[in-house]
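Heads up, the thing below is written out as structure tokens.
Bear in mind that the values in this text are calculations on the coordinates, not laboratory data. Source: prediction; values computed, not measured. Methodologically, a virtual Cβ is constructed for each residue, glycine included, from the backbone with ideal geometry; neighbour enumeration extends over all protein chains shown.
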Amino acid sequence: MKFNLDNVVQEYKNLWKELENPEIYTDIDKMKSINQKRKSLENTVELYKEYKMTWDNVEEARNILRTESDEEMMEMAKEEINSGEPRIEELEEKLKITLIPKDKNDDKNTILEIRAGTWWEEAALFAWELAESYLIFAKNEWFDTEILEESKSEVGWLKEISIKISWFWAYSRFKFEAWTHRVQRIPETESKWRVHTSAITVAILPEADEIDIKLNDDDLEITTCRASGAGWQHVNKTESAIRIVHKPTWLFVECQDERSQLKNKQKAMGILRSRVYALEEERLAKERWEERLAQIGSWDRSEKIRTYNFPQDRVTDHRIWANFSNLPGIMAWNLGDMIDSLNIADQTRKMEQLNEIK
């Protein structure tokens, strides 16, 4: 066999034993960590079990061909080999992918943030449309969603929004959506039928737990104010809105969706913790990979990643140079094809990098 992953199967069994111990429920953080590790091994273990069983069946069939003279038995053995050998090759390719080193944040919840950019109201409209598209996609993929904060434009579209997406592999599923999205279409207010170009930015943050990032009280500047509506007119008489500034990084969060000051503070702390965590992760990644990326290249995150061209009914992802048609359908229910293509491209790229290192 090309793969011997009995040690991975044993690790998976050991993790299950730890979860079956009632004492684990007294330490929620440890239980969560063990369960996430178990979940990350699950696919590899299931593929390996099938791979090992198929290999054993093919080996047994080969032995039958060498030792048996019964024609019926020999015919059955040939059928087993003919069906088993291609399946072994297929399972080996799948196992290669599962053994690629994974992003440690892949199994985390994620916070998705959208901000309108150039060409203000048209960008705000597209920000609203893309947010709705992500919410539909998340629901279809069985993720839980919660709008943490949103700010609307004067006519009711989105200036910015933060959405928490929860359950295993949420970050993994959405991480390639980050950076600039460009839209080209004729706005409703355009009298001369000219195509306008606008842009929005998307941030994908792995949700950070307190065990990931500890925010010191001395580093925080917390202020309260009355919640405001469109145009920032005050709509509440009590100071329920919260603004938190992290002084070492000057990152800040404002939350006003909840009527309770405490709930707004909890939401704001969660978003801030994830932003600080993402900033630190980016700094470390840059240090670790700077020389390597200079040699092999990388997807440039400062550039636009995708263009939505409505007149031509086409979405282009510029990182993999792939075009997808039926733009209304993509926006309404079918982001999955693009996201799947990006995951496959990323896995292929990582395999090529591993081969270069070897």
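Only helical runs count toward this figure. For the chain, summing -39,500 (n - 2.57) over DSSP H runs of n ≥ 4 and dividing by all residues gives -17000 deg cm²/dmol at 222 nm. With contacts taken as Cα pairs under 8 Å at a separation of at least 6 residues, the chain carries a relative contact order of 14 percent. To make sure I understand the rule: partners must be lysines, Cα under 23 Å from the Cα of residue 214, and not fewer than 8 residues away in the same chain. Which ones qualify? The qualifying lysines are 30, 32, 37, 104, 108, 164, 247, 263, 265, 267, 286. Using the average count of surrounding beta-carbon atoms within 10 Å as a protection proxy, the listed peptides 255-262, 71-78, 199-206, 103-110 rank, highest first, as 199-206, 103-110, 255-262, 71-78. Phi angles of the stretch 129-146 translate, via the Karplus equation with coefficients 6.51, -1.76, 1.60 and θ = phi - 60°, into HN-Hα couplings of 5, 5, 4, 5, 5, 5, 5, 5, 4, 4, 5, 5, 8, 6, 7, 8, 10, 8 Hz per residue; Gly and Pro are given as x. Taking only the C-alpha atoms of the chain, the Rg (one decimal) and the largest Cα-Cα distance, Dmax (whole number), read 25.4, 92 Å.
Available extension along the chain between residue 263 and residue 8 is 87.6 nm, counting 0.36 nm per residue and deducting the alpha carbon span. Each residue of the stretch 12-18 is assigned a 3J(HN,Hα), and the resulting list reads 4, 5, 5, 5, 4, 4, 4 Hz, derived from the Karplus form 6.51 cos²θ - 1.76 cosθ + 1.60 (θ = phi - 60°), x at Gly and Pro.
Relative protection proxy for 125-131, 345-351, from highest mean packing down: 125-131, 345-351 (other beta-carbon atoms within 10 angstrom). Rounded to 0.05, the FRET efficiency of the residue 251 and residue 60 pair, given R0 = 51 Å and the Cβ-Cβ distance, is 0.25.
Between residue 337 and residue 19, the modelled label-to-label distance comes to 3.5 nm, taking each label 7 Å out from Cα in the direction of the beta carbon.
Farthest towards the positive end of the charge dipole of the stretch 31-113, among the residues 100, 110, 86, is the Cα of 110, using unit charges on the Cβ of Lys, Arg, Asp and Glu. If both residues of a DSSP beta bridge must be in the chain, then about 90% of such bridges are antiparallel. Fully extending the segment from residue 214 to residue 136, taken as 0.36 nm per residue of separation minus the present Cα-Cα distance, adds 24.8 nm.
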